[in-house]
Amino acid sequence: MKTLKDVKVGETATVVRLYGEGPVKRRIMDMGITKGVEIFVRKVAPLGDPMELNVRGYELSVRKTDAEMIEVN
């Protein structure tokens with residue numbers, strides 16, 4: 001299983017499934033990360049957390065712990 005955390009800078013991935021429950025999963029979905037969406041990894045902070053992504057035409061920063069809950073292709 002490959003998660004968003006494993007995607008390298010400059011690569012694009014498609015969301016396959018979201019893990020987590022309750023408010024955490026709801027927050028991820030509210031940010032526009034849903035099944036079938038393409039995510040482009042723009043950059044990663046020097047210490048590795050957070051990741052900067054392009055999702056649905058806007059920029060978004062996500063913590064690595066949240067990125068582990070997003071299974072990608």
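Read-outs: derived from the displayed coordinates by stated rules, not from any lab. Quantities reported herein were computed from a predicted structural model and do not represent experimental measurements. Cβ coordinates were reconstructed from backbone atoms using ideal geometry, including for glycine residues, and neighbour counts include every protein chain displayed.
Please check: in the Gaussian network model of the chain (C-alpha springs, under 10 Å), which one of ARG17, ARG27, ARG42 has the largest mean-square fluctuation. Highest fluctuation of the listed residues: ARG27. Phi angles across the stretch 33-38 convert, under the Karplus curve 6.51 cos²θ - 1.76 cosθ + 1.60 with θ = phi - 60°, into 3J(HN,Hα) values of 8, 10, 4, x, 7, 8 Hz, Gly and Pro given as x. A simple rule links phi to the HN-Hα coupling: the Karplus curve 6.51 cos²θ - 1.76 cosθ + 1.60 with θ = phi - 60°, which for the stretch 58-71 gives 9, 8, 9, 9, 10, 6, 4, 5, 6, 5, 5, 8, 10, 7 Hz, with x for Gly and Pro.
Placing +1 on the Cβ of every Lys and Arg and -1 on the Cβ of every Asp and Glu, with no other charges, gives the chain a dipole of roughly 60 debye about its Cα centre. Let me have the relative contact order for the chain, percent, based on Cα pairs under 8 Å that are six or more residues apart. Worked out over the chain, it gives 42 percent.
Applying 0.36 nm per residue to the separation of LYS2 and GLU21 and subtracting their alpha-carbon distance, the gain on full extension is 4.9 nm.
Using just its DSSP H runs of length 4 or more, each adding -39500 (n - 2.57), the chain gives a mean residue ellipticity at 222 nm of -4500 deg cm²/dmol after division by all residues.
In this simple spin-label approximation, THR34 and ARG63 carry label points 7 Å from Cα along the Cα→Cβ vector, and these lie 2.5 nm apart.
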